[in-house]
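J.: The structure that follows is given in the form of structure tokens.
The values are calculated or read from the model by the stated rules, or taken from the named source; none is laboratory data. Predicted, not measured: the structure shown is a model, and the values here were computed from it. Cβ coordinates were reconstructed from backbone atoms using ideal geometry, including for glycine residues, and neighbour counts include every protein chain displayed. In case anyone asks, the SASA skips ligands and DNA or RNA and just uses the protein heavy atoms, side chains included. Shrake-Rupley method; radii C 1.70, N 1.55, O 1.52, S 1.80 Å.
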Amino acid sequence: MSHQPIRYFEDKDHAEAYARYRIPFTSEVVDFIVRYVQDGGCELNSAVDIGCGTGHQSTIPLARVFRHVIGVDISQEQIRQTPLLSNVDFRVGQGEDMAFLEFSSVNVVSVATAIHWLDLPAFYKEVDRVLTPRGCLAVYWMDREKVDNEEAQAAIEEFHDSTSEYRAEGVKRIWDRKEIPECPYGTWLHDTSVIITKTMTVEDLVQLSSTMSFWQKYLEANPGSAKLTDYRETLNGLIRSGSEEKQGASPSMEFKYRVNILLCRKPSL
């Protein structure tokens, strides 16, 4: 990983919010990866999850299937927030340096919502070293949230468009311009059939947005900004029902996230 994420993911309060509000990848995503791994004749013995954060988004879902999973993140504070699981080890480290793994020792290298932070040539060199023959590289992330409310969707798009200058270039390539990273082994299998549906309150969505790296960078440039508060109030006004307004509750609605899954396989020896 580059050094840039350190500033945005090492604060204790931020790591706690990350663990609470980031949306986990569902069993559908993991099952899709597993089918690809097994179709290639590979075992489900071991996986390493690069850029694992607090482990809640991708490492824990992987641990329900793989016998042993190692979660790796550059942030010490993120690793402090990880859960204790019998078949999972977490460690601080960079995806470009997996010296703790032996040659041809893991069946899957997973990168969930972190490929944009990596130095790809260096990372792919390590992937090739640690993957078993026919082992799988799985890269996946969620597109921006969609809601069945045109005005609310327009407000969401306006919030993200107005903060786009604060997104790192790698994030813009993946999230804004929908560019697909280079594949280290020929051509990706690219799937977008999985849609994660989650009912959340406006407050949940706003807190989720506050965990994003671009928002941390925005606050550095605009300390004391009321932009997130304004975003919350705009969405509240567009979504809140009469009963919720009387109770003062944060309104909720169904948010949908399309998942991009990129899979490729290391050739046999």
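J.: In segment 88-112, which residues are farther than 10 Å from Val48 by Cβ, of a type in the set (S, T, N, Q) and surrounded by fewer than 20 Cβ atoms within 10 Å (Cβ to Cβ)?
T.: Within segment 88-112, Ser104 is the sole residue that qualifies.
J.: If I go through segment 33-58 residue by residue, how many of them are part of a helix (DSSP H, G or I) and in contact (Cβ under 8 Å) with a residue 40 or more places away in the chain?
T.: 3
J.: Please indicate, with yes or no, whether at least one residue in segment 9-32 is within 27 Å of Gln216 (Cα to Cα), open to solvent by 60 Å² or more (accessible area, probe 1.4 Å) and without any contact (Cβ under 8 Å) to a residue 24 or more places away in the chain.
T.: yes
J.: Now a separate question. Please work out which one of (1) closer than 26 Å to Asp13 by Cα; (2) open to solvent by 20 Å² or more (accessible area, probe 1.4 Å); (3) outside any helix (DSSP H, G or I) is the condition Lys178 fails and give its number.
T.: Condition (1) is where Lys178 drops out.
J.: Something else about it: Please work out which one of (1) in contact with a helix residue (DSSP H, G or I) (Cβ under 8 Å, 6 or more places away or on another chain); (2) in a helix (DSSP H, G or I); (3) open to solvent by 30 Å² or more (accessible area, probe 1.4 Å) is the condition Arg129 fails and give its number.
T.: Going through (1) in contact with a helix residue (DSSP H, G or I) (Cβ under 8 Å, 6 or more places away or on another chain); (2) in a helix (DSSP H, G or I); (3) open to solvent by 30 Å² or more (accessible area, probe 1.4 Å) one by one, Arg129 breaks only (1).
Table: residues versus (1) basic (Lys, Arg); (2) open to solvent by 40 Å² or more (accessible area, probe 1.4 Å); (3) closer than 19 Å to Ala17 by Cβ.
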| position | (1), (2), (3) |
| --- | --- |
| Glu182 | no, yes, no |
| Ser210 | no, no, yes |
| Ile239 | no, no, no |
| Lys256 | yes, yes, no |
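J.: Look at segment 49-88 and say how many of its residues are within 23 Å of Lys125 (Cα to Cα) and of a type in the set (D, E, K, R).
T.: The number of residues fulfilling the criteria is 2.
J.: Looking at Leu205, Leu269, Leu219, which is the one that is modelled with pLDDT of 95 or more, under 29 Å from Ser58 (Cβ atoms) and not charged (D, E, K, R)?
T.: Leu205
J.: Could you list, in sequence order, all residues of segment 17-31 that are closer than 13 Å to Ser110 by Cα and either part of a helix (DSSP H, G or I) or of a type in the set (S, T, N, Q) (or both)?
T.: Across segment 17-31, the qualifying residues are Val29, Val30.
J.: If you don't mind, there's one more thing I want to ask. Being farther than 19 Å from Val111 by Cβ, open to solvent by 20 Å² or more (accessible area, probe 1.4 Å), small (Gly, Ala, Ser) and assigned to a helix (DSSP H, G or I) narrows it down to one residue among Ala122, Ala154; which is it?
T.: From the options Ala122, Ala154, the qualifying one is Ala154.
J.: Inside segment 55-77, can you point out the residues that are of a type outside the set (A, V, I, L, M) and either surrounded by fewer than 20 Cβ atoms within 10 Å (Cβ to Cβ) or at pLDDT below 95 (or both)?
T.: Of everything in segment 55-77, those that are of a type outside the set (A, V, I, L, M) and either surrounded by fewer than 20 Cβ atoms within 10 Å (Cβ to Cβ) or at pLDDT below 95 (or both) turn out to be Arg64, Arg67, His68, Ser75, Gln76, Glu77.
J.: Exactly one condition in (1) of a type outside the set (A, V, I, L, M, F, W, C); (2) modelled with pLDDT under 95; (3) within 24 Å of the chain's Cα centre (by Cα) is false for Arg232; which is it?
T.: (2)
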